[in-house]
Structure formats: C-alpha cells, structure tokens
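Chemist: Below are the structure tokens for one structure; questions will follow.
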Amino acid sequence: MKLRYMIDSILADRQATVPEYVPVGVWVQGPGPGLDVEMYYLDRGPNGLADRKDEAAWVVNRLVEAGATSLPADFLEYHRLSRSPYDGGFSEITETDEYPSIDACGKAVLARLNPDR
C-alpha cells in the first residue's frame, strides 16, 4: 500500500534566539478513497502539543462539515506549505510502501519520534 506521511514539529521555545523545532506528530495519507488521512501525536511533550493535536483534529472536522468525500492529491503539500515557521513546521513528505496500513505507519513513525514508548 502506497502511503505518504510528514512529521509535524512545533517551536520548542518562542523566546530562543535560534529556533528549535521538536517533532510531536505525524500525518499519514493513504491512497483513498474517501478522507484517507490520520494524524498521530505523542501523548506528552512540549508546551503547545495539546493545541497542535486540536488543530489537526479540526482539519478533518472542517472537511467533514464541508461535505468533502475525498482528499485532493496535494492535501499534505497544501498543509505543509501553509504552516507558519513561527508556529512550527512539517518535514518533507515521505512516500512508502513499507507498512500494510495507515495505522501501522503512523504508530511506527510516532514510535521513532518517542523512543521512550
């Protein structure tokens, strides 16, 4: 199964002179049909993690409320480019066929972000 994912990072300290981004989650998009996307986030992390989880959930909520029945091909690219560097950032998008499902991919990538899990 061809999956695409990107890692979501937040700005660790807004007061730092050199920005440091901390990875906190992953967005995984499947081949469809439908709203074939899932967002996975760490259970604990830096300040702002709870807000980022809520923002991700609202992306899907807005799609459902708008009556969307599928995702555009550039769904991840759009969100990657729309993120302000003052708030965080998304990694480059990775394509993989290493995982049998979105869930397996999301959990595996999230585990790499949090080696304590």
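Chemist: Hey, rough spin-label estimate for Ala104 and Asp87, points 7 angstrom out along Cα→Cβ, what's it come to in nanometres?
Modeler: 3.4 nm
Chemist: Farthest toward the dipole's positive end in the chain, which of Leu11, Trp27, Pro72, given Cβ charges of +1 (Lys, Arg) and -1 (Asp, Glu) about the Cα centre?
Modeler: Of Leu11, Trp27, Pro72, it is Leu11.
Chemist: Spin-label point model (7 Å from Cα, Cβ direction): what's the Asp36 to Tyr21 distance in nm?
Modeler: It works out to 2.7 nm between the two label points.
Chemist: May I ask you to evaluate 6.51 cos²θ - 1.76 cosθ + 1.60, the Karplus curve with θ = phi - 60°, for each residue of the range 52-61 and list the ³J(HN,Hα) values in order in whole Hz, giving x for glycine and proline?
Modeler: Values per residue, Gly and Pro as x: 5, 4, 4, 4, 5, 4, 6, 4, 5, 4 Hz.
Chemist: I'd like the GluC sites (Glu not before Pro) in the range 51-117 restricted to DSSP loop residues with at most 16 other Cβ atoms within 10 Å, sorted by number.
Modeler: Glu92, Glu98
Chemist: Are there any trypsin sites (Lys or Arg not before Pro) in the range 59-90 that are in a DSSP loop and have at most 12 other Cβ atoms within 10 Å? List them by number.
Modeler: Counting only loop positions with at most 12 other Cβ atoms within 10 Å, none of the trypsin sites (Lys or Arg not before Pro) in the range 59-90 qualifies.
Chemist: Sticking with this structure for a sec: Just to verify a number: FRET efficiency for Glu55 and Lys2, C-beta to C-beta distance, R0 = 41 Å, to 0.05?
Modeler: Once rounded, the FRET efficiency stands at 0.95.
Chemist: Roughly how many nanometres apart are two label points built 7 Å out from the Cα toward the Cβ at Tyr78 and Asp97?
Modeler: 2.7 nm
Chemist: Quick check on the chain: helices-only [θ] at 222 nm, where DSSP H runs of length 4 and up contribute -39,500 (n - 2.57) each and the sum goes over total residues. Nearest 500, please. Numbers along the way, then the final one.
Modeler: Details: 3 runs with 37 residues, N = 117.
Estimated from H runs of four or more residues: -10000 deg cm²/dmol.
Chemist: Follow-up question, since we're still on this one. If you keep only loop residues by DSSP, which chymotrypsin sites (Phe, Trp or Tyr not before Pro) in the range 67-116 have at most 15 other Cβ atoms within 10 Å of their Cβ?
Modeler: Working: sites: Phe75, Tyr78, Tyr86, Phe90; in loops: Tyr86.
Here the sparse-neighbourhood loop sites are Tyr86.
Since every read-out is calculated from the coordinates, none of them should be taken as a lab result. Worth saying up front: this structure is predicted, and the values here are computed from it rather than measured. Virtual Cβ from ideal backbone geometry, glycine too; neighbours counted across all protein chains shown.
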